[in-house]
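Every number here is computed from the coordinates shown, using simple stated rules; none is lab data. These numbers come from a predicted model, not from an experiment. Positions of Cβ are generated from backbone atoms using ideal geometry, with glycine treated the same way; all protein chains shown enter the neighbour counts.
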Amino acid sequence: MRTLTRPPTLPDEAYALLLDWLPTNDDPERPVVTLATVDEDGAPDARSVLLSELDRKGVYVHTDASSRKVAQLAANPAVAVVARWPERQRQLVVRGVAEPAPASETDRAYARRSLYLRRLAWLNTTSVAAMPADERRAAWATFVATHQVLKPPPTWVGFLVRPTSLTFWTGDDASVSHRREHRFDGTDWTITELPG
Ligand SMILES: Cc1cc2nc3c(=O)[nH]c(=O)nc-3n(C[C@H](O)[C@H](O)[C@H](O)COP(=O)(O)O)c2cc1C
């Protein structure tokens with residue numbers, strides 16, 4: 001595994017901005033973000049995921065242990081997360097290092113997911129994916145009929161993305177777009193103002 005500097009907790013201003021820009025952890029409307037990883041050949045990979053939670057250490061995402069991204073993160077924990085709010089003219093780019101989230105956090109995140117997503121976490125398997133559409137629907141209906149209270153499946157895993165940089169982009173119709181970047185240089189956090 002590549003070793004990357006594990007950054008400390010977020011600086012006050014960046015954390016305050018994250019709290020301002022992202023929904024509170026108990027808000028059921030989770031932001032959809034792009035999670036970029038590096039594959040085994042060093043090529044970029046990316047997909048949409050829900051941003052589950054935020055704390056002073058960073059942001060959390062959740063997925064299935066058998067997914068490609070999990071194998072990629074085990075080999076190389078370098079990640080980027082991009083969130084966008086077109087109606088607010090805002091973009092957030094987080095680059096950082098992913099590490100497994102503690103069980104208490106992954107359980108909490110699972111409990112906060114919608115009923116549909118809690119069920120999906122159980123049925124999002126390669127065997128179900130290989131079925132024809134009508135069989136997939138039948139498997140879903142059977143699962144719904146036979147499972148009322150759901151715990152996380154053993155394949156439910158979470159990652160804490162510890163930021164090494166956070167770039168807050170703002171657009172302005174009456175002016176230039178602008179970025180304020182917080183970067184951890186291995187010792188301290190610095191702030192740089194950048195063109196959009
Ligand atoms: C709006 C949206 C939200 C998604 N949220 C998640 C998520 O929170 N976790 C997840 O594992 N996959 C989520 N997915 C599916 C992923 O985009 C992806 O297809 C899946 O995780 C497999 O990715 P991988 O093969 O790169 O690991 C979401 C897809 C969409 C379109």
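Just a few scattered comments:
- The stretch 82-92, subset assigned to a strand (DSSP E or B) and more than 12 Å from the chain's Cα centre (by Cα), residue surrounded by the most Cβ atoms within 10 Å (Cβ to Cβ): LEU92
- Comparison of LYS69, LYS57 shows that the only residue that is in contact (Cβ under 8 Å) with a residue 12 or more places away in the chain and more than 10 Å from the ligand (Cβ to nearest atom) is LYS57.
- Of all residues in the stretch 100-141, those that are among the charged types (D, E, K, R), touching a Leu at 6+ places or on another chain (Cβ under 9 Å) and closer than 23 Å to TRP21 by Cα total 2.
- Filtered by the rule that a residue be surrounded by 13 or more Cβ atoms within 10 Å (Cβ to Cβ) and either of a type in the set (Gly, Ala, Ser) or more than 21 Å from ASP12 (Cβ to Cβ) (or both), the stretch 22-45 gives ARG30, PRO31, VAL33, THR34, LEU35, ALA36, THR37, VAL38, ASP39, ASP45.
- If the condition is being surrounded by 15 or more Cβ atoms within 10 Å (Cβ to Cβ) and of a type in the set (Ser, Thr, Tyr), then the stretch 142-169 contributes THR155, THR164, SER165, THR167.
- Every residue from the stretch 178-196 that is in contact (Cβ under 8 Å) with a residue 40 or more places away in the chain and in a loop (DSSP other than H, G, I, E, B): GLY186
- Tally of residues being within 15 Å of the ligand (Cβ to nearest atom), within 16 Å of the chain's Cα centre (by Cα) and assigned to a loop (DSSP other than H, G, I, E, B) across the stretch 102-127: 1
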